[in-house]
Amino acid sequence: MHLAIIPHNDDDSLYLAYSLMREKPLVVVITDSHIQPERGDKGCSAEERREETIRAMEILKCPVVFLGIKDTELTKENFTERIRPFVGLGFEKVYAPAIQGGNWQHDIIGKVAKELWPDCICYTTYTKEELWTKGKTEIIPTPEEIELKEKALWCYQSQINLPSTRPHFEAVLGKSEFYE
């Protein structure tokens, strides 16, 4: 079995959908949404975002679990503590976000994953300058996979409806995904 470490609800479908479709890893979503509701955004509570992920993972046919760390409280220490039970379970492949400086939470999670699983496969997300980034290994989708990814992305209406996050969805539509 494989493991996909996902910082936020939606990162699964934004950046790793094709690998999820092909390999059916256990998807572990690290954080719960608190930043957006605390700043007044509606329809994006932790519960609502988890439901979106459950629907998306049904489309991609992957099992999913939630670590439940509040995104307002993520630290290297609490992530390390919460992910440690997954170490030593014999995963053949572990996927984690690349360290790209685009999102500090992606970077913390990517650094810890590299420490715990030195051979993990790092998938690209985004930088401060680019909402879609290339890496060394391109995951080229089939037309059917592109369609399935779009269906999974549409599960995340809470994010598509926010002007601050909608561009991330627009940036990846119809494009390949990459590993670092």
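We did not get these values from a lab; they are worked out from the coordinates using the rules stated. All values reported here derive from a predicted model rather than from experimental measurement. Cβ: placed from backbone, ideal geometry, glycine included. Neighbour counts: every protein chain shown.
Summary of values
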read-out	value
Neighbour cut-off at most 16 other Cβ (10 Å), DSSP loop, GluC sites (Glu not before Pro), segment 77-128	E92
Coil-residue GluC sites (Glu not before Pro) of segment 124-161, DSSP, other Cβ within 10 Å capped at 10	E129
Of [x] 11.0; [y] 12.0; [z] 9.1, the label for mean projected area of the Cα convex hull in nm² derived from the coordinates	[z]
Residues with amide H under 5 Å from that of V94, placed H, sequence gap 5 or more	L3, I121
Helical contribution to [θ] at 222 nm, DSSP H n ≥ 4, -39,500 (n - 2.57), averaged over the chain, rounded to 500	-11000 deg cm²/dmol
Of K70/K149; K61/K134; K42/K136; K42/K114, pairs whose Cα-Cα distance is over 30 Å	K42/K136; K42/K114
Longest exposed-site-free window of the chain, the sites being trypsin sites (Lys or Arg not before Pro) in a DSSP loop that have at most 10 other C-beta atoms within 10 Å	62-127
Relative contact order (%) - the chain, alpha-carbon pairs under 8 angstrom, separation at least six	26
